[in-house]
1. Near B:Lys229, which lysines are there with a Cα under 16 Å away, not counting those fewer than 8 places off in the same chain?
2. What does DSSP give for the range A:240-385 in terms of the percent of beta bridges that are antiparallel, rounded to the nearest 5?
3. What residue among B:Phe201, A:Ala172, A:Asn239 has its Cα farthest toward the positive end of the dipole of the protein assembly as shown, where the charges are +1 on Lys, Arg and -1 on Asp, Glu, each on the Cβ?
4. To the nearest µm²/s, what D does Stokes-Einstein give for chain A at 4 °C and 1.567 mPa s, using the Kirkwood radius over alpha carbon pairs as Rh?
5. Just want to confirm a number: the relative contact order over the range A:22-101, from Cα pairs under 8 angstrom separated by 6+ residues, in percent.
6. From the phi angles alone, apply the Karplus equation (6.51, -1.76, 1.60; θ = phi - 60°) to the range B:222-234 and give each ³J(HN,Hα) in whole Hz, x where the residue is Gly or Pro.
7. Magnitude of the Cβ-charge dipole of the protein assembly as shown, K/R +1 and D/E -1, about the Cα centre, nearest 20 debye?
8. Amide H to amide H under 5 Å from A:Val347: which residues, 5+ apart in sequence or cross-chain, H placed 1.01 Å off N in plane?
Amino acid sequence: MKVHEYQARELLRSAGIPVPPSEVIDNPNQAPQAYLRLGSETVVVKAQVHAGGRGKAGYVQLVTSADEAKSHAARMFASPMVSKQTGPQGVQVHKILMAPAVDIAREFYVSVVVDRARRVPVLMASSEGGVEIEEVAARNPDAIKKAWFHPHLGLSTFQARALAAAIGLSRAKAKAAADIMYKLARLFQEKDCSLAEINPLVETAAGEILAIDAKFNFDDNALCRHPDIAALFDPSEENPAELQAKEHNLSYIALDGNIGCLVNGAGLAMSTMDIIKLHGGSPANFLDVGGSVTPEGAVEAFRIILADPKVKAVLVNIFGGIAKCDVIADALIKAAKEVGFNVPVVVRLEGTNVDVARKMLAEAKVPQLRSATDLTDAAKKVVAAL
Amino acid sequence: MSILIDKSTRVICQGITGKAGAFHTAQCLEYGTKIVGGCTPGKGGTKSEHGLPVFDTCHEAVAATGANATMIFVPAGGAAEAAMEAADAGIRLVVLITEGIPTLDMVRARKYLDDTGVRLIGPNCPGIITPGQCKIGIMPGYIHKPPTRGSKNVGIISRSGTLTYEAVWQCSERGLAQTTCVGIGGDPVKGLNFIELLDLFQADAETHAIVMIGEIGGSDEEQAAAHIKQHVTKPVIAFIAGQTAPPGKRMGHAGAIISGGEGTAQSKIAALRAAGITVSDSPATLGEAVAGVLR
């Protein structure tokens, strides 16, 4: 789960990490007062959306008066932000963060993620702050210094101190930066983060060490034990169909193509998308109905797929293991009645109870259904059905 | 032969009185697995619906039954703890089926298991099967084909459940038997990985070829490719799922995500091909590819 920048700043504050003061507004009329409260001439106005590319889209703006703050806030609230990451429809801005512009002497990068290869969290720091870490990793990997956590003890203070020194902070400043790194590492573990990033961490002209911008992602599987974090969820940032699917224990991701997919198992669902592409088609979605799928869940899956106006054909690919083919066949027949098929549906069933399922489908005589003998046949048939 | 499990493996089920635990215990028993008991805290001293003894702790279960492997269906919040309990009780192979375990729980559990020398399979996996001998997990038993005299046999390692069934089915249909099939799971932090299992299959005289099924996310396949080039002489046939997956999205599995340009299918396929490994373009032609290599 992602959170907004203003929420990330609050988390840093609660962990005792120094963050400049800020104000959050949800309509442009609040902007002038917020500007005055901040008491700084130059203030940065930042739209609070999860998508990146805010600066280029004009949704991060420096202002020098209350009026200017209001007019830029009004502009950001009025029209959705469109960036490379949002798609052409853009995302609506619901909140804006305002903070005093900081006189920056140097910028650094600090983050914590899980290193999958070593199977432990790793603290990463770099003297190249303010740019994407992937860019630094590609251009100058030696600039990224790392300290791996002990799986049971967590990060030690000596590791944080060593890292702060390694990125070129003076002795006097390294102590403050190490304290921030250590606290960030603790926060990462305490709140089950998958990413905790401060970028940039700055040394100001006045010699302070401050966190200017932060990004947090949380492990969805651990949210149940962090109600405070779960409460930060912003459904307006999510695809409505993906949310609807989640409520029914379906794993669904909307894509750009026109062939809807209904599959059991994540790996098979991914490779069903791949084989559609291999045969010249384009998948409209990823959908894993899971192993313990019920007929109701499968009907809901059809409802979600068919609600997408781009969908011109559907491929059902089930390898019955724990999920049984007859359950899917039953759901197909019910969905045909309850949801109605307005496009061709190609069905490939294999595995547990497949004979019963085939018989059920044959007897139901749903006109839009076409059966396929194997995966290649199914992919070819669904592409031909467009 | 086989790897990790055979007909002598003695298995307990942690979470045997739960719905999934009870159902799959029955399925494994029917397949012929020696399940010797189960654990559910608070239900010790009773019998499971299969007539097996239920214990409060793994220590009691191991002492009473001599179990050396466990199949865990404990809910996500307590599953990592259950794995550590099994290791502490002297179990040597932990098969963790549970999906949705917090990653940092697995970081801690994996270290604990490593320190005790216990092997872990999973989590978020279908389990492991040595066809005809022992099934510890949720895979449909009947699609598998045990080796027979003169048969060509493959070992299978996979990050995906149903995709493994697909591969097994395609092999069985072509008369290719399986020595052992291991679902290593779809989580970012897990137990046995491609490399350890490749070594085990390389050392197993009965395994003639190895199928490895990877997917987007992480760099396990790239590391495996480098390892195969150095240490594996048997033919390896690979498939990577997620060639059309968009970056930044978790594709069902917690570990299946392309982040920061890392973990793409294209990178994995390139690394595997560069190491001389046959990579199937389509999930539908895996069996054919294996048959081609073993002909």
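Read-outs: derived from the displayed coordinates by stated rules, not from any lab. Bear in mind that the values here come from a model prediction, so they are computed numbers and not experimental data. Cβ atoms come from the backbone with ideal geometry, glycine included; neighbour counts cover every protein chain shown.
1. Partners found: B:Lys268.
2. DSSP beta bridges in the range A:240-385 are roughly 20 percent antiparallel.
3. The residue sitting farthest along the positive end of the dipole is B:Phe201.
4. Rounded, D is 54 µm²/s.
5. Value for the range A:22-101: 45 percent.
6. Computed from phi, the couplings for the range B:222-234 are 5, 5, 4, 4, 5, 5, 4, 4, 7, 10, 10, 9, 6 Hz.
7. 920 debye
8. For A:Val347, whose amide H was placed from the backbone, the distant partners under 5 Å are A:Val316, A:Arg370, A:Ser371, A:Ala372.
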